[in-house]
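First up is the structure itself, then whatever we jot down about it.
The values are calculated or read from the model by the stated rules, or taken from the named source; none is laboratory data. Quantities reported herein were computed from a predicted structural model and do not represent experimental measurements. Positions of Cβ are backbone-derived with ideal geometry, glycine not excepted, and every protein chain shown enters the neighbour counts.
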Amino acid sequence: MSEAGPGLPIGILAELTHRCTLQCAYCSNPLELLKADKELGTAEWRSIFEQAADLGILQVHLSGGEPILRPDLAELVGVLASRGLYSNLITAGVGLDETLTARLAAAGLDHVQISFQGARPETTEAIGRLRGSHEKKLAAARAVRAAGLPLTVNAPIHRRNIEEVELFIDLALELGAERLEIANVQYYGWALLNRPALMPPREAVERQIGIVEAARAALRGVLAIDFVAPDYYASFPKACMGGWARDAFMITPDGTAMPCHAAASIPGLRFDNAARLPLTEIWNRSPAFEAYRGTGWMNERCRGCERRDIDFGGCRCQAMALTGDPTETDPACSLSPLHAHVLALAESDAASAEATIHPRRIGGARAGELTR
Amino acid sequence: MTRPQRPIAGAQSRPALPRHVRMHFDERRGAWALLSPEKVLWPDEISLAILRRCDGRSEAGAIARSLALDYEADEDEVLADVLAFLQDWSDRMVVRL
Ligand code: SF4
Ligand code: SF4
């Protein structure tokens, strides 16, 4: 429990749909994907976004699944723009053509982030499992540019594309992107299930860090490179979501308000639905938000640590997944007694040469559905 | 490929906000915010005074002159501060030179 009560939230990740054109093995959506008939309607999202503006939210990330599959996307962007909220479209880009980008730009969209599964066409096709997807993404990036919108290239990194980091940098420059996100996959949900096929070896991670640092220095003022570290190999955990229910949260396609993507993996948490309960009430009182807000829930190790307001004890869902106790220190932290175990997991996965994956699609998490 | 060069701030630069950055007055907090895709920045009074003048037309030298007048400060000193600010913010891609 927090003693002082929460401050005002800054951002919402709105997952408009779980439907997607791709099937990435590391997708941050849950293993049980929601079907279209569970999605909130336009009026419900409109109301949520209006309430978000009243609550003090400044940024809304429109995500999915693939948000451009929602026919009401431009209308929802319009609601955000009318309230001065910064709108960021997070898309895989397949199907984002000039007509749609022009409509979104006219509606007041602020920024577009397009994911590239590889810097090479073959890689993009193999990881996203869609033929021709790389060319479609390139076309989408050009359409974004043609509409005068700023662009981030998002590159989710794992063992199968970690050697393409330099090519990703060239790609972002060629496309005229302002920003490149080199985001090492975080292992929850689908990525946890597919971890043996995705975990990169430590040497490759170190090479990657060297490349990113050099490029950052060389491209100051030209391309901003954000780096999300692969935390199994890190010394300290990431500040997941900037702290549990501290300044951002997410809403799933059916309206469930959650502190982060994987929060449903923690047993016993009670979530509220933003289509049924006022957003202010959810932010201030939702039991799931209160559960790990602040520092009161922490164990002695984290509560007494000088980094507790920097990383907030790391990720609750990772603590749950790897230690079975959501109040434990995230074992990505070198001060956790389980850190060596986590490192060993990563190293053995990286060395496993596992090539089969569970494809991200409805029913794909069940055993038996494996593909190369 | 040949890579673009780092922009360097000079008295003749005409700074502007890049297209992914937007200034917004936040009613709830009663403060100006600089919104960008991943970050929200809360500029202090001096930063704000500079950023407001980054309209893509005014040169950094003219911006420094007008600030020196407003704050009754030495113009050369203000120019040095303004250029340092612009260089730092340009390196972080929050200002375009
Ligand atoms: S990670 Fe891949 S499958 Fe998941 S939403 Fe993004 S593009 Fe779709
Ligand atoms: S002990 Fe806890 S607070 Fe300290 S660095 Fe590790 S995770 Fe963070």
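Screening the candidates A:Ala14, A:Ala52 for the property of being outside any loop (DSSP other than H, G, I, E, B), at pLDDT 95 or above and within 14 Å of another protein chain (Cβ to nearest Cβ) yields one hit, A:Ala52. The conditions of being at positive phi and either more than 16 Å from ligand 1 (Cβ to nearest atom) or within 14 Å of chain B (Cβ to nearest Cβ) (or both) are not met by A:Ala346. Considering the range A:189-214 alone, what residues qualify as being in contact with a Ser or Thr (Cβ under 7 Å, 6 or more places away or on another chain) and either free of Cβ contacts under 8 Å to residues at least 12 places away in the same chain or under 20 Å from A:Asn154 (Cβ atoms) (or both)? Selection gives A:Gly189 alone.
Residues of the range A:115-132 that are more than 9 Å from ligand 1 (Cβ to nearest atom) and out of contact with any Leu (no Cβ under 7 Å at 6 or more places or on another chain): A:Gly118, A:Pro121, A:Glu122, A:Thr123, A:Thr124, A:Glu125, A:Ala126, A:Arg131, A:Gly132.
State all residues of the range A:104-120 that are within 14 Å of chain B (Cβ to nearest Cβ), in a loop (DSSP other than H, G, I, E, B), surrounded by 24 or more Cβ atoms within 10 Å (Cβ to Cβ) and in contact with a helix residue (DSSP H, G or I) (Cβ under 7 Å, 6 or more places away or on another chain); if no residue qualifies, say none. Once the filter is applied, which keeps residues that are within 14 Å of chain B (Cβ to nearest Cβ), in a loop (DSSP other than H, G, I, E, B), surrounded by 24 or more Cβ atoms within 10 Å (Cβ to Cβ) and in contact with a helix residue (DSSP H, G or I) (Cβ under 7 Å, 6 or more places away or on another chain), the range A:104-120 yields only A:Leu109. Return a yes/no flag: does the range A:39-46 have any residue that is buried (at least 23 other Cβ atoms within 10 Å of the Cβ) and assigned to a helix (DSSP H, G or I). Taking every residue of the range A:39-46 in turn, at least one turns out to be buried (at least 23 other Cβ atoms within 10 Å of the Cβ) and assigned to a helix (DSSP H, G or I).
Of the residues screened, B:Gln12 is not one that is assigned to a loop (DSSP other than H, G, I, E, B) and within 11 Å of another protein chain (Cβ to nearest Cβ). None of A:Arg301, A:Arg307 is over 24 Å from A:Pro30 (Cα atoms) and either buried (at least 23 other Cβ atoms within 10 Å of the Cβ) or touching a residue at least 40 places away in the same chain (Cβ under 8 Å) (or both) except A:Arg307.
A quick yes/no check of all residues on (1) assigned to a helix (DSSP H, G or I); (2) more than 14 Å from chain B (Cβ to nearest Cβ); (3) closer than 21 Å to B:Met93 by Cα; (4) in contact with a helix residue (DSSP H, G or I) (Cβ under 7 Å, 6 or more places away or on another chain):
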{"site": "A:Ala102", "(1), (2), (3), (4)": "yes, yes, no, no"}
{"site": "A:Thr123", "(1), (2), (3), (4)": "yes, yes, no, yes"}
{"site": "A:Lys136", "(1), (2), (3), (4)": "yes, yes, no, no"}
{"site": "A:Val153", "(1), (2), (3), (4)": "no, no, yes, yes"}
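Just one residue in the set A:Cys317, A:Cys333 is in contact (Cβ under 8 Å) with a residue 24 or more places away in the chain and assigned to a loop (DSSP other than H, G, I, E, B); that residue is A:Cys333.
Quick one: which helices (runs of 4 or more DSSP H) sit completely within the range A:173-268 and have at least 2 residues that are of a type in the set (Asp, Glu)?
Numbers: elements: A:189-193, A:195-198, A:202-218.
The helices (runs of 4 or more DSSP H) meeting that bar are A:202-218.
Residue count for the range B:35-61 satisfying the condition of being surrounded by 14 or more Cβ atoms within 10 Å (Cβ to Cβ), within 16 Å of B:Leu97 (Cα to Cα) and not basic (Lys, Arg): 8.
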